[in-house]
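Data first, discussion second: the structure below is written as structure tokens.
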Amino acid sequence: MGYKFNFAETDSLFCNILEKYDVYAPKRFPKQGRYSDTDITRYSQIKSINEIEFNQKTDYSAKEVLTPVNETLFYFTENEFKESSAPKKPILLFARPCDINAIEIQSKIYEENGEFSDIYYSRIKNNLKFVLMDCNGGDDTCFCTSMGSNVTDNWSIAIKQLENDYLLSIKDPEFEPYFQNCEKVDFLPNFVEQNKVSLTIKEIPNKEVLNELKHHHFWSEYDKRCISCGACTICCPTCTCFTTKDIIYSENQKVGERKRIFASCQIEGFDTMAGQKEIRNKASERMRYKILHKFHDYKERFKTKHMCVGCGRCIHRCPEAISIISTIDKMNDAIDEIINKNIQE
Amino acid sequence: MTEQNKNHMIPTACKIISIIKETDIEWTFRVESNFKAKHGQFMQLSVPKIGEAPISISEIGDNYMDFTLRAVGKVTNDIFEKQVGDYLFLRGPYGNGWPSEELKGKHLVFITGGTGLAPVRSLLNEFYDNIDRVKSITLISGFKNKESILFKEELKKWKDKFKTFYTLDNDSIEGWNCGLVTNFVKEIDFNSFDNNYAVVVVGPPVMMKFTGLELKKYNVPDENIWMSFERKMSCAIGKCGHCRIDETYVCLDGPIFPYTKAKNLVD
Ligand SMILES: Cc1cc2nc3c(=O)[nH]c(=O)nc-3n(C[C@H](O)[C@H](O)[C@H](O)COP(=O)(O)OP(=O)(O)OC[C@H]3O[C@@H](n4cnc5c(N)ncnc54)[C@H](O)[C@@H]3O)c2cc1C
Ligand code: SF4
Ligand code: SF4
Ligand code: FES
């Protein structure tokens with residue numbers, strides 16, 4: 001069963017939900033883009049459904065709601081520690097299928113890798129429900145269908161914006177009462193079935209091929225092109241890496257906090273250990289490390305899908321116009337070349 | 001607090017009981033602790049306001065733990081400012097540790113370079129006290145020079161029960177050999193071990209690489225070799241990503257790997 005209501009009605013329909021939940025959704029910030037006069041779209045807490053940007057993929061992903069760029073883990077006084085407080089309210093997160101899938105990918109790392117779940121992640125994730133946003137098919141950098149991340153059934157409410165109205169479908173009975181009096185219509189979410197781009201990811205059959213691939217010459221192109229800025233990982237909805245850092249309050253030198261801050265495997269120093277030289281000290285090596293994580297290592301570890309949802313954000317954000325789509329094409333060719341060579345030998 | 005929702009990032013204050021200055025830049029800190037740990041595991045040591053660093057446990061006692069640190073940066077330098085009675089902040093233990101059960105009943109060869117001796121020290125001491133648990137122990141231990149020798153008392157003690165080759169890279173002093181540890185692999189009669197042996201290698205990356213290659217010259221099977229890795233770590237619980245090599249997380253799956261796996265870990 002679905003519901004229909006117009007823009008003018010939304011605030012009164014959602015006011016109780018907004019009371020109970022902190023609602024996060026894509027929002028447009030005018031003139032904050034990378035080039036003058038361009039807007040930026042990113043996740044933000046909203047107070048009205050009408051603030052939401054429905055038509056454009058966000059520049060930055062929904063992960064910022066679960067893992068802020070800069071997050072306090074605990075506060076310390078001399079010998080005592082106090083855990084930072086969790087959000088007081090549960091969260092309702094508006095997201096497209098790719099972003100919902102991306103959060104499931106991240107949660108494997110935060111919650112299932114190793115013996116312990118990351119409490120900072122879980123305390124938000126366990127109190128979070130999704131509002132699935134109908135995706136209009138994305139843009140020419142999207143390849144979600146190739147990654148199997150175009151569909152999801154992990155949602156409580158599904159929503160589609162029309163010219164003057166919204167269509168709603170409700171799966172989670174908790175939200176049913178709020179919309180009782182709305183016009184009833186047939187509405188179920190649609191999923192994108194085809195992108196402008198489609199690609200296949202070649203399987204890397206074994207460690208020998210993997211290690212040969214790491215040394216393939218095609219990566220060296222990135223020594224010239226990639227400036228190791230990390231923009232592609234900051235915007236990526238599945239990248240999770242962080243570094244911890246302590247800070248002291250200047251007023252009181254005895255008190256401070258330990259934080260964690262986004263880290264990027266593309267930026268110099270990611271693997272540098274004290275007194276040793278950096279292991280991956282070239283842009284090509286860092287690129288190969290990132291790409292193989294997305295399209296081999298993660299899947300190998302968790303025996304699941306690949307770590308990329310095909311959102312194309314990294315393509316938009318790269319100042320050097322490096323496209324992950326063409327990187328995958330080149331990697332596919334290199335894998336074929338290595339396998340064929342090994343057969344002939 | 002249940003294990004599941006315990007905060008694994010928050011450390012516990014542990015009092016420093018003693019500080020032994022092994023060398024100018026490598027000191028062993030003994031702290032009070034009730035953490036239950038296995039040989040070869042490591043802890044995250046922190047100094048609030050400064051940060052955290054992964055450090056191997058170099059000895060485990062009933063109520064204490066030792067850490068042998070080299071002062072190289074922010075955290076380690078700050079720890080060197082501490083005195084007996086001050087606190088270090090610990091969380092852990094982390095990592096897999098040495099496969100102690102698997103090593104029992106075998107001829108064991110330990111090859112260590114520099115501070116690589118720290119993560120095997122507690123295991124060596126356990127076997128020293130219970131020598132009947134192994135067939136034999138050979139220890140090849142190398143240091144850069146006279147000034148960088150660690151655990152001098154123990155090195156002396158171990159000579160009683162272990163077959164030892166102690167060597168300095170580029171220094172000659174009484175009772176010590178001169179040359180790299182790799183030069184002493186040829187002294188080991190692997191054939192006399194009846195294929196019931198294991199080789200443990202710990203040290204800087206180049207040292208481990210060349211020792212691995214040297215061992216292959218003597219047809220030591222990959223399954224018989226164990227190595228301990230060091231990688232940058234920011235969490236030690238599989239979340240921060242810094243220590244990952246392919247699908248392997250050094251903090252979770254390591255830091256100790258059989259050579260069958262180690263030889264394929266290409267960063
Ligand atoms: C499993 C394991 C066991 C270990 N056991 C021991 C042990 O028993 N004893 C021991 O002494 N050490 C041990 N180490 C190494 C130890 O963890 C490091 O020496 C320690 O983390 C250094 O921390 P620090 O804060 O003192 O140095 P940092 O201040 O973190 O680093 C010092 C230097 O490292 C480089 N560096 C660090 N971060 C960056 C960056 N982002 N960009 C560029 N350069 C950077 C710089 O050159 C800097 O000057 C172990 C490591 C691991 C992983
Ligand atoms: S397309 Fe790029 S930004 Fe999007 S999930 Fe894949 S790697 Fe990350
Ligand atoms: S955004 Fe582009 S230039 Fe920057 S690190 Fe990523 S690939 Fe390299
Ligand atoms: S140290 Fe953070 S993932 Fe291993």
Reported set for the stretch A:173-185 where residues are assigned to a loop (DSSP other than H, G, I, E, B) and either open to solvent by less than 30 Å² (accessible area, probe 1.4 Å) or modelled with pLDDT of 95 or more (or both) is A:Cys182
Among residues of the stretch A:287-301 being within 15 Å of A:Cys265 (Cα to Cα) and of a type in the set (D, E, K, R), the residue nearest to the other protein chains (Cβ to nearest Cβ) is A:Asp297
Out of the residues in the stretch B:208-235 meeting the condition of being open to solvent by less than 30 Å² (accessible area, probe 1.4 Å) and aliphatic (A, V, I, L, M), tell me which one is nearest to ligand 2 (Cβ to nearest atom).
B:Met233
With the checklist (1) in contact (Cβ under 8 Å) with a residue 60 or more places away in the chain; (2) surrounded by fewer than 21 Cβ atoms within 10 Å (Cβ to Cβ); (3) in contact with a helix residue (DSSP H, G or I) (Cβ under 8 Å, 6 or more places away or on another chain) in hand, flag the one item A:Leu168 doesn't pass.
(2)
Right, A:Lys277: open to solvent by 60 Å² or more (accessible area, probe 1.4 Å) and within 16 Å of ligand 4 (Cβ to nearest atom) or not?
no
Scanning the stretch A:211-240 residue by residue, those in contact with a Phe, Trp or Tyr (Cβ under 7 Å, 6 or more places away or on another chain) and hydrophobic (A, V, I, L, M, F, W, C) turn out to be A:Ile234, A:Cys235
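Which one is nearest to B:Glu26 (Cα to Cα) among residues in the stretch B:76-119 that are of a type in the set (Gly, Ala, Ser) and in a loop (DSSP other than H, G, I, E, B)?
If we take residues in the stretch B:76-119 being of a type in the set (Gly, Ala, Ser) and in a loop (DSSP other than H, G, I, E, B), then B:Gly85 is nearest to B:Glu26 (Cα to Cα).
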Return the total of residues in the stretch A:245-288 being modelled with pLDDT of 90 or more, over 18 Å from the mean Cα position of the chain (by Cα) and of a type in the set (Phe, Trp, Tyr).
1
Look through the stretch B:41-59, keep the residues that are away from ligand 4 (no atom under 16 Å from the Cβ) and modelled with pLDDT of 95 or more, and return whichever of them is surrounded by the most Cβ atoms within 10 Å (Cβ to Cβ).
B:Ile57
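Per-residue answers, yes or no, for (1) open to solvent by 60 Å² or more (accessible area, probe 1.4 Å); (2) within 14 Å of chain B (Cβ to nearest Cβ); (3) in contact with a Phe, Trp or Tyr (Cβ under 9 Å, 6 or more places away or on another chain):
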position: A:Ile261; (1), (2), (3): no, yes, yes
position: A:Ser264; (1), (2), (3): no, yes, yes
position: A:Cys308; (1), (2), (3): no, no, yes
position: A:Arg317; (1), (2), (3): no, no, yes
position: A:Ser323; (1), (2), (3): no, no, no
position: A:Thr327; (1), (2), (3): no, no, yes
Taking the stated definitions as given, is A:Ser117 touching an Asp or Glu at 6+ places or on another chain (Cβ under 6 Å), without any contact (Cβ under 8 Å) to a residue 12 or more places away in the chain, assigned to a loop (DSSP other than H, G, I, E, B) and not basic (Lys, Arg)?
yes
Find the residue count for the stretch A:1-39, including only residues that are touching a Gly at 6+ places or on another chain (Cβ under 9 Å) and under 20 Å from A:Leu66 (Cβ atoms).
0
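The values are calculated or read from the model by the stated rules, or taken from the named source; none is laboratory data. The model shown is predicted, which means the values in this text are computed figures rather than measured ones. Here the Cβ is made from the backbone with ideal geometry for all residues, glycine too, and neighbour counts use every protein chain on show. Side chains are part of the model used for accessible areas, which takes the heavy atoms of the whole protein and leaves out ligands, DNA and RNA. Shrake-Rupley method; radii C 1.70, N 1.55, O 1.52, S 1.80 Å.
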